[in-house]
Every structure is written in C-alpha cells, then in structure tokens.
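Asks: The structure under discussion is supplied below as structure tokens; questions concerning it will follow.
The values are calculated or read from the model by the stated rules, or taken from the named source; none is laboratory data. Since the structure is predicted, the reported quantities are computational estimates derived from the model, not experimental observations. Glycine gets a Cβ as well: all are built from the backbone with ideal geometry, and neighbour counts include every protein chain shown.
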C-alpha cells in the first residue's frame with residue numbers, strides 16, 4: 001500500500017534549505033507564468049508548501065490551497081486567508097472545477113504510476129478551457145545537475161517518505177496524459193515553468 005509523503009519533519013527548515021542550495025531561484029521561477037491567470041479565477045494550488053506563492057496570486061481570485069503537511073499549512077496560513085485543505089491529493093475528492101491549477105514543485109514527489117494518476121486527476125478537476133501551470137525540476141543533462149537531483153531525492157525519501165526514487169520526466173508525462181504546452185521556460189539550474197491546456201481545448 002502506498003504511504004503518502006510527509007513533509008512535517010522538514011517543514012521548519014525547508015525554506016532555509018531551499019535558500020541555501022538554490023538561493024531565491026525556486027521562489028522566483030514560481031512567478032514566471034502567474035501573469036497569465038485571469039482576474040477572478042478559481043485557482044487550486046497543489047503542494048504549495050509554506051505558501052510563498054500566495055503573495056503573488058490575483059487579489060480577487062478564489063484560492064484552494066491543498067497540502068498534506070499540517071506543518072506546511074500552518075506556515076501558509078500566515079501568508080493569506082484562503083481555503084486551506086489538509087489532504088492527500090490522490091485521496092482527495094472534489095466536485096469543484098478550477099480555471100487554473102498550479103503545482104509548484106509538487107509533481108516531482110511522485111513515482112511513475114502515481115504521477116500519471118495525479119495528472120489524470122488534475123485533468124478532471126480543470127475547467128475545459130482551464131490552464132495547468134507546472135513549476136518543477138528537470139534534468140538539463142549536466143552531471144552536477146544529475147548528482148544534485150539524486151541527492152535531493154535521497155534526502156527527501158529519508159526525511160519525508162518521498163515515494164519517488166528519482167526525478168521523472170514531468171513535462172513528457174503531462175503531454176502523454178492529454179495536455180498541450182502553450183508556453184514553457186527553462187531556467188539554468190534544472191527548473192522549469194510551463195503552461196498547459198487540455199489537448200483539443202485550443
């Protein structure tokens with residue numbers, strides 16, 4: 001039986017660790033495509049961690065913020081008043097549909113089968129003309145990048161019960177699950193931000 005990730009242990013020092021390894025790069029890349037979100041949008045943020053992204057979403061938007069870690073949610077609640085949900089996304093049920101779904105460094109946590117399931121579920125939750133904004137890691141082919149990504153996954157497998165043993169090709173998997181990429185930006189240092197729509201919804 002799949003055991004869910006648990007970032008409660010690392011939550012107190014997660015941001016410090018991120019700043020030490022990547023500087024402000026991980027925070028900055030999350031803002032790349034937020035300007036494409038329409039005013040008043042119904043937004044779902046998955047795995048938003050300590051909630052830094054909340055400060056950069058439209059003021060008039062309706063936001064649902066889901067995270068499995070209670071400790072991360074406690075930090076996010078200090079940023080902005082939104083609808084917070086403490087749940088395992090793969091087990092969470094909702095009848096709501098969203099104009100925009102954002103996954104800031106969320107999909108890299110999943111093993112291959114669970115990654116496919118998560119993306120399929122996102123597709124169901126998205127409005128027919130909605131947008132999926134993915135911000136995550138990718139392997140840029142450099143040895144140093146590969147070493148850092150392997151080290152990162154080993155660390156979080158030990159501290160947070162990460163189900164993924166290595167980084168999956170997130171972009172390729174999103175495309176395989178019926179999405180079309182309308183904009184993508186890769187940053188040196190193995191991070192990317194991309195905007196997708198469901199195939200056939202152009």
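Asks: Those residues that are crowded, with 17+ Cβ neighbours inside 10 Å, touching a helix residue (DSSP H, G or I) at 6+ places or on another chain (Cβ under 8 Å) and not in a strand (DSSP E or B), I need them from segment 19-50; list them, please.
Replies: Matches in segment 19-50: 26, 27, 30, 34, 47, 48, 49, 50.
Asks: At pLDDT 90 or above and either assigned to a helix (DSSP H, G or I) or touching a helix residue (DSSP H, G or I) at 6+ places or on another chain (Cβ under 9 Å) (or both): is that true of residue 53 in this structure?
Replies: Yes, satisfied.
Asks: Can you find a residue in segment 60-77 that is in contact (Cβ under 8 Å) with a residue 24 or more places away in the chain, in a loop (DSSP other than H, G, I, E, B), out of contact with any helix residue (DSSP H, G or I) (no Cβ under 7 Å at 6 or more places or on another chain) and closer than 20 Å to residue 127 by Cα?
Replies: The answer is yes; a qualifying residue exists.
Asks: Of the conditions (1) modelled with pLDDT under 95; (2) out of contact with any strand residue (DSSP E or B) (no Cβ under 6 Å at 6 or more places or on another chain), residue 185 satisfies every one except a single condition; which number is it?
Replies: For residue 185, the exception is condition (2).
Asks: Given the conditions (1) under 15 Å from the mean Cα position of the chain (by Cα); (2) farther than 21 Å from residue 180 by Cβ; (3) assigned to a loop (DSSP other than H, G, I, E, B), and given that residue 94 satisfies all but one, which numbered condition is not satisfied?
Replies: Single failed check for residue 94: (1).
Asks: I want to confirm something. Restricting to segment 7-29 and keeping residues that are modelled with pLDDT of 70 or more and under 23 Å from residue 114 (Cα atoms), which single residue is nearest to the chain's Cα centre (by Cα)?
Replies: 7
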